[in-house]
Amino acid sequence: MKIITVKAGRLKPALAFLLLAGGAFLQAEKGMAQDKSLINTAASPYARMYNVNMADAKVTGGFWAERLKVCRESMIPYMWNLYKDPETAHAYTNFEIAAGLKKGEHSGPPFHDGDFYKLIEALSAMYAVTKDPRLDKYLDEVIPVIAKCQRADGYIHTPTMIEDRNAAGKASEFKDRLHFETYNMGHLMTAACIHYRATGKTTLLNIAKKATDYLYNFYKKSSPELARNAICPSHYMGVVEMYRTTKDPRYLELSKSLIDIRGLVENGTDDNQDRIPFRKQTKAMGHAVRANYLYAGVADVYAETGDTSLLNRLNLMWDDVTQHKMYITGACGALYDGVSPDGTSYEPNDVQKIHQAYGRDYQLPNFTAHGETCANIGNMLWNWRMLSLSGDARYADIAELALYNSVLSGISLDGKNFLYTNPLSYSDDLPFKQRWSKDRVGYIAFSNCCPPNVVRTIAEINNYLYTVSDNGLWLNFYAGSTLSTKLKDGSTVKLSQETNYPWNGQIKVSLEKTPSKPFSMMMRIPGWCKGAILKVNGEVQNIALTPGTYAAVERKWKPGDKIELDLPMTAALVESNPLVEETRNQVAIKRGPIVYCLEGKDLPAGTKIFDVAIPAGTSFTAVPLNIGSSNMMALEGEAILTGKGGWNNTLYREVSAQKPEPLKIRLVPYFAWGNRGHSDMEVWMPLR
């Protein structure tokens with residue numbers, strides 16, 4: 001296909017459109033960044049590391065190869081067909097109506113545009129690695145329709161535009177602060193940057209530039225009260241990524257003002273993260289998705305500005321979340337409906353109802369845990385950015401914890417069914433029906449934001465394996481893979497990695513091409529690991545392998561060098577702070593980064609999950625398990641059967657004097673629960 005290099009200002013709009021319609025690639029305009037990484041911090045002055053280009057790392061085997069195969073063959077096709085189905089999701093049909101190609105009304109939640117942009121991002125990320133022409137064709141079919149929707153001033157939001165079309169110009173933007181205009185535009189920006197880096201095409205990026213220009217002009221003239229309509233701030237990440245891609249200084253200016261304007265409104269809410277200015281916040285509170293997206297976006301702004309007032313607050317938020325408010329699975333947002341602040345004020349006006357709230361310190365219920373999949377993805381995105389800023393492995397630990405547990409739990413193993421919430425316990429004996437299904441479903445009516453979010457996260461997993469810094473190469477998440485990339489000085493490194501992580505901790509790295517100068521290989525030692533061993537060419541390295549750090553091996557590497565890292569994995573009984581009321585005197589079982597759970601399906605007939613307790617001295621053995629076409633490791637061990645008997649219409653009873661019976665149990669990875677049919681489940685079990 002012909003490559004056309006275009007300098008800024010050289011093409012008339014009509015000619016540019018014809019070139020794009022013909023399928024030609026427009027190489028970067030003058031000043032546009034050439035980096036092709038997922039999150040482009042290569043030139044960010046306050047980021048310690050940056051992602052390799054999207055096509056540099058390829059997953060070749062093991063756990064993530066299996067997940068990516070399902071993503072490519074099932075998740076993406078299923079989601080694409082769903083979102084183009086006018087009878088179900090209606091997302092693409094909304095664009096067709098807004099563009100004047102069809103007649104009708106808007107259908108679906110107001111953030112449906114953003115959901116479709118996430119799916120575009122997933123296709124783009126998958127295309128970056130596979131170069132599958134079908135994905136490119138799908139994208140080329142829908143992007144012109146999106147472009148046709150956009151107003152001349154850059155505004156794009158199908159609910160308003162359809163209303164305006166049907167009401168003869170009487171609709172207006174930002175009239176409803178819950179309308180998610182900026183949320184949708186934020187996901188447009190992110191998807192556009194990924195699409196541009198994956199394909200070299202500026203078709204979607206041009207739409208995003210107009211939208212970002214619109215927001216820049218809007219915030220220049222809007223009042224703080226009108227500006228607070230920026231609910232669920234995905235656009236913080238989007239605007240910064242647009243700055244990194246285009247180098248337009250207005251976008252960096254906009255990103256800073258978005259933070260400054262928060263908290264300036266009267267009657268702000270924690271639900272919208274604008275009751276307290278960000279620089280004055282001391283606790284994580286309010287809506288967990290919006291909070292985590294805000295923190296991730298603020299981290300992006302810090303990477304470009306070095307504003308320590310932002311980093312100081314991010315550190316406070318991180319300490320509060322990880323020490324007081326996060327589930328063992330990395331899930332966030334404990335409460336379906338909470339109040340904020342609670343227990344600190346007697347003023348009724350200070351107490352606000354919050355949906356999917358962070359709640360109080362140590363308030364972590366299990367049956368009624370909310371833990372929206374999007375909040376958990378937000379936790380991963382935030383921690384990844386904190387890792388990029390610092391090189392501190394504790395952020396990689398949290399990102400990995402959320403990814404393997406409360407993110408993957410949001411999608412079925414076959415990639416076609418989804419959870420909105422992620423409880424840590426479920427029982428049919430609960431005498432009430434919860435708001436969201438605890439069985440995965442193919443379409444989450446009124447709130448299908450999580451499915452395309454988890455699909456794009458899985459599609460992008462290769463981008464989290466390796467990063468680069470001034471002094472060398474970092475190995476963050478372990479997976480069977482190959483890497484061909486350039487270090488900071490432009491020299492090439494090629495390697496392959498073999499591992500069955502997370503099911504065992506043996507990692508083998510073979511270097512195939514190396515620079516002539518010495519550089520460091522930073523191997524992550526996870527916080528859960530004890531007794532790690534690191535060898536280079538068969539020789540044990542006498543360096544500190546401290547859990548929760550990176551071990552740096554600096555030398556003049558040569559092709560054929562081999563690194564072997566052994567991360568011993570044993571099943572550990574984990575207890576919580578006793579101030580977590582619901583899990584006091586209980587344990588969860590964790591092996592490596594994987595949290596396990598007990599399902600009713602694995603118990604004898606007539607036995608309930610409530611009847612099972614874990615002896616303090618018990619041990620578990622990892623055994624292979626296959627669910628459908630997914631391979632994993634289950635845990636088998638001995639528990640005890642206690643208190644067996646019905647609780648019907650009984651609130652309290654005397655402890656049974658009956659001697660507990662031994663019981664062999666099998667635990668499955670938490671992310672895989674519910675994949676063998678409807679079942680009771682629990683993560684935390686009594687310790688006896």
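A few remarks follow.
- Some residue of region 575-585 being open to solvent by less than 60 Å² (accessible area, probe 1.4 Å), farther than 28 Å from residue 500 by Cα and over 25 Å from the mean Cα position of the chain (by Cα): yes
Results for (1) open to solvent by less than 20 Å² (accessible area, probe 1.4 Å); (2) within 30 Å of residue 250 (Cβ to Cβ); (3) modelled with pLDDT under 95; (4) part of a strand (DSSP E or B), shown as yes or no for each residue.
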residue: 292; (1), (2), (3), (4): yes, yes, no, no
residue: 298; (1), (2), (3), (4): yes, yes, no, no
residue: 313; (1), (2), (3), (4): no, yes, no, no
residue: 324; (1), (2), (3), (4): no, no, no, no
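- Matching residues, region 110-145, being assigned to a helix (DSSP H, G or I) and aromatic (Phe, Trp, Tyr): 116, 117, 127, 138
- For region 425-447, a residue qualifies if it is small (Gly, Ala, Ser) and over 25 Å from residue 596 (Cα atoms), and the qualifying residues are 445, 447.
- With a requirement of 2 or more residues that are open to solvent by less than 40 Å² (accessible area, probe 1.4 Å) and either hydroxyl-bearing (Ser, Thr, Tyr) or at pLDDT 90 or above (or both), the helices (runs of 4 or more DSSP H) lying completely within region 5-92 that satisfy it span 63-70, 76-83.
- Flag if residue 214 is in a helix (DSSP H, G or I), more than 18 Å from residue 290 (Cβ to Cβ) and open to solvent by 10 Å² or more (accessible area, probe 1.4 Å): yes
- Count of residues meeting criterion [within 17 Å of residue 496 (Cα to Cα), in a loop (DSSP other than H, G, I, E, B) and open to solvent by 60 Å² or more (accessible area, probe 1.4 Å)] in region 543-573: 2
- A single member of 599, 638, 575 is charged (D, E, K, R), in contact with a Pro (Cβ under 9 Å, 6 or more places away or on another chain) and under 27 Å from residue 429 (Cβ atoms), and it is 638.
- Remark: residue 282 falls outside the filter, which requires a residue to be polar (S, T, N, Q), under 15 Å from the mean Cα position of the chain (by Cα) and either part of a loop (DSSP other than H, G, I, E, B) or more than 25 Å from residue 447 (Cβ to Cβ) (or both).
- Every condition in (1) among the hydrophobic types (A, V, I, L, M, F, W, C); (2) touching a Cys at 6+ places or on another chain (Cβ under 6 Å); (3) open to solvent by 20 Å² or more (accessible area, probe 1.4 Å) is met by residue 328 except one, and the failing one is (2).
- Residue 606 of a type outside the set (D, E, K, R) and assigned to a loop (DSSP other than H, G, I, E, B): yes
- When residue 423 is tested against (1) within 11 Å of the chain's Cα centre (by Cα); (2) open to solvent by less than 10 Å² (accessible area, probe 1.4 Å), exactly one condition is not met: (1).
- Scope region 217-238; condition modelled with pLDDT under 85, open to solvent by 20 Å² or more (accessible area, probe 1.4 Å) and assigned to a helix (DSSP H, G or I); matching residues: 221, 224, 225, 226
- Selected residue (only one of 403, 413 is buried (at least 19 other Cβ atoms within 10 Å of the Cβ), at pLDDT 95 or above and either in contact with a His (Cβ under 8 Å, 6 or more places away or on another chain) or more than 25 Å from residue 529 (Cα to Cα) (or both)): 413
- Qualifying positions in region 470-496 - in a strand (DSSP E or B), more than 23 Å from the chain's Cα centre (by Cα) and of a type in the set (Gly, Ala, Ser): 472, 484, 496
- Scanning region 165-207 for residues that are assigned to a helix (DSSP H, G or I) and under 24 Å from the mean Cα position of the chain (by Cα) yields a count of 21.
- Considered as a group, the residues in region 529-542 that are in a strand (DSSP E or B) and without any contact (Cβ under 8 Å) to a residue 12 or more places away in the chain include one that is farthest from residue 569 (Cα to Cα), and that residue is 539.
- Verdict on residue 162 being in a helix (DSSP H, G or I), under 19 Å from residue 245 (Cα atoms), in contact (Cβ under 8 Å) with a residue 12 or more places away in the chain and not basic (Lys, Arg): no
- Residue that is nearest to residue 569 (Cα to Cα), among those in region 630-639 that are touching a residue at least 40 places away in the same chain (Cβ under 8 Å) and either open to solvent by 30 Å² or more (accessible area, probe 1.4 Å) or under 26 Å from the mean Cα position of the chain (by Cα) (or both): 633
The values are calculated or read from the model by the stated rules, or taken from the named source; none is laboratory data. None of these values were measured; they are calculated from a predicted model. Cβ coordinates were reconstructed from backbone atoms using ideal geometry, including for glycine residues, and neighbour counts include every protein chain displayed. Note: accessible area is taken over every heavy atom of the protein model, side chains too, but ligands, DNA and RNA are not part of it. Shrake-Rupley method; radii C 1.70, N 1.55, O 1.52, S 1.80 Å.
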